[in-house]
C-alpha cells in the first residue's frame, strides 16, 4: 500500500454489471476517459474482475470494478459468475447495463442489490439494443423504481453528466465515520501500544495502525506511541494517565495489567470491528465461546492473503487459545481473502479479522450471511479479550460521529 494513496478498502466501490457485450468495459473506459480496459465484440473478453482506481469529483476516491457478463454459459461462465458475486458483495454503487429484449438476468441482479440496500443505477447504452424501444425503458422503470440513464458509452456521450448526477445523488448518503468515534476527542492523550514484530514488515506500520493514527491526528488528539516492552517507560514519562490506550490485541492482557485504572483500553482490531462491521453483533457472537466443545467447528476468516508467519494471530495464536481451552480435536478452518465458504451452516462460530483490507459493505455482507444461517460471528480482538477475561473491561466505538 502506498502511503500517498487511498487504500482500496477506503474507496467508494462502484461495480458495473451486465450481459456479455453490453458495454461494461466501454463504459468504464469512458468514465476513466482512457482506453485502459480491453474491449471486443467477442463475448467473454472480460474474465476476472478488473479494478481501476479513480478520483471522482463529489465522491472522492473510488474503485471501479468491471465484471464478466452474467449470462456466460458453461463451466467457465459459472466460475466467472461466482467472481462477479464477490464483487457484488463489496459494491456500494451498482451500475447495471440493460441490453436485449429479455432482461430477466438484469432484473435478478437488480433485486439482489436492492435486497442488500445497494444503490442501483440502470443504464441503457443507446448505441446497443435500445434503438428508441420505449418498452425496455418502461420495464426498467417498473422494476428499478427510477428512470433509466440513457447514454452512449462508445461515443462517450452523456457519461460525464451521468457521473455528476451519481455523485450528487450519492454524496448525501455517504457516512462520515470515525475509527475511534467518541472514545477520543481534541486534546485527549492517547497511548498506542504497537508491537513491531515479524507481523509488521520492516520500514512501515500495519494498515490499522496507520488508519487509527491518522484518525486521532485529524481529531487533534495528543498521540504517544510505544512498543509493548516500552509501555511502562512511556507511562513514566507522561505527566498524566492517557485517556485511552490502544493496543495490538495479542498484547491485551499484558497491557491491561499495566494500564492506569483511569485509562480506557481497546485494541486496533476491536476499533476496526466497529468501523468496518457491526460491533454489537461481534460482542454478541463472542458468547458462543461459552458453548463450544471439542467437537465444534470454527471458521477463522482473514481479509488479506499472506503466507503464515511465526505467531500469526489468526493462524497460530487464536487456534492455540481455542485448542488449549477446548482440546486438540476442535475443528478449525482458516480462509483468506475472498475465499469465504458458501455454506456457513457447517460452523458453530466464525471469527473474523478486523477487515482493514475490506470495505464496510463487504464486512456487513459477511455478517448478514452468517446471521441468515444462524451462525454467530465475532472478531479477533473480541475473542482474545473474551478468552483472557477482560471483554467487559475494554471500550468500544459504537457511536457514529
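The values are calculated or read from the model by the stated rules, or taken from the named source; none is laboratory data. Please read all numbers here as calculations on a predicted model, not as lab measurements. Because the Cβ atoms are built from the backbone with ideal geometry, glycine has one as well, and the counts that use them run over all protein chains shown.
Counting the residues of the range 214-232 that are in contact with a strand residue (DSSP E or B) (Cβ under 7 Å, 6 or more places away or on another chain), in a helix (DSSP H, G or I) and modelled with pLDDT of 95 or more gives 3. Output the residues belonging to the range 382-401 that are within 24 Å of residue 215 (Cα to Cα), under 21 Å from the mean Cα position of the chain (by Cα) and modelled with pLDDT of 95 or more. Answer for the range 382-401, where residues must be within 24 Å of residue 215 (Cα to Cα), under 21 Å from the mean Cα position of the chain (by Cα) and modelled with pLDDT of 95 or more: just 382. Of all residues assigned to the range 355-371, none qualifies as being free of Cβ contacts under 8 Å to residues at least 40 places away in the same chain, touching a strand residue (DSSP E or B) at 6+ places or on another chain (Cβ under 8 Å) and under 25 Å from residue 247 (Cα atoms). Of everything listed in (1) at pLDDT 90 or above; (2) surrounded by 14 or more Cβ atoms within 10 Å (Cβ to Cβ); (3) out of contact with any strand residue (DSSP E or B) (no Cβ under 6 Å at 6 or more places or on another chain), the single unmet condition for residue 108 is (2). Taken as a whole, the range 117-126 holds no residue that is more than 27 Å from residue 271 (Cα to Cα), surrounded by fewer than 17 Cβ atoms within 10 Å (Cβ to Cβ), free of Cβ contacts under 8 Å to residues at least 40 places away in the same chain and out of contact with any strand residue (DSSP E or B) (no Cβ under 7 Å at 6 or more places or on another chain). Identify, please: which residue in the range 170-182 is part of a helix (DSSP H, G or I) and at pLDDT 90 or above and is, among those, nearest to residue 260 (Cα to Cα)? Selected residue: 182. Scanning the range 280-290 for residues that are out of contact with any strand residue (DSSP E or B) (no Cβ under 8 Å at 6 or more places or on another chain) and under 12 Å from residue 380 (Cα atoms) yields a count of 0.
For the range 342-362, the candidate set comprises residues that are modelled with pLDDT under 95 and part of a helix (DSSP H, G or I); within that set, the residue that is surrounded by the most Cβ atoms within 10 Å (Cβ to Cβ) is 362.
Check whether at least one residue in the range 68-76 is more than 18 Å from residue 364 (Cα to Cα) and within 15 Å of the chain's Cα centre (by Cα), and report yes or no. No, every residue in the range 68-76 fails to be more than 18 Å from residue 364 (Cα to Cα) and within 15 Å of the chain's Cα centre (by Cα). Only one of the listed residues (136, 166, 112) is outside the structural domain of residue 220 (by TED's automatic domain parsing) and either more than 22 Å from residue 62 (Cβ to Cβ) or assigned to a strand (DSSP E or B) (or both). That residue is 136. From the list 48, 35, 71, the lone residue that is under 19 Å from residue 106 (Cβ atoms) and either at pLDDT below 85 or surrounded by 15 or more Cβ atoms within 10 Å (Cβ to Cβ) (or both) is 71.
Candidates 185, 153, 167: the one that is crowded, with 20+ Cβ neighbours inside 10 Å and either more than 16 Å from residue 223 (Cα to Cα) or at pLDDT 85 or above (or both) is 153. On the stretch given as the range 237-267, residues that are modelled with pLDDT of 95 or more and within 19 Å of residue 207 (Cβ to Cβ) total 4.
Candidates are the residues of the range 240-261 that are touching a helix residue (DSSP H, G or I) at 6+ places or on another chain (Cβ under 8 Å), part of a helix (DSSP H, G or I) and free of Cβ contacts under 8 Å to residues at least 40 places away in the same chain; the one that is farthest from residue 191 (Cα to Cα) is 254.
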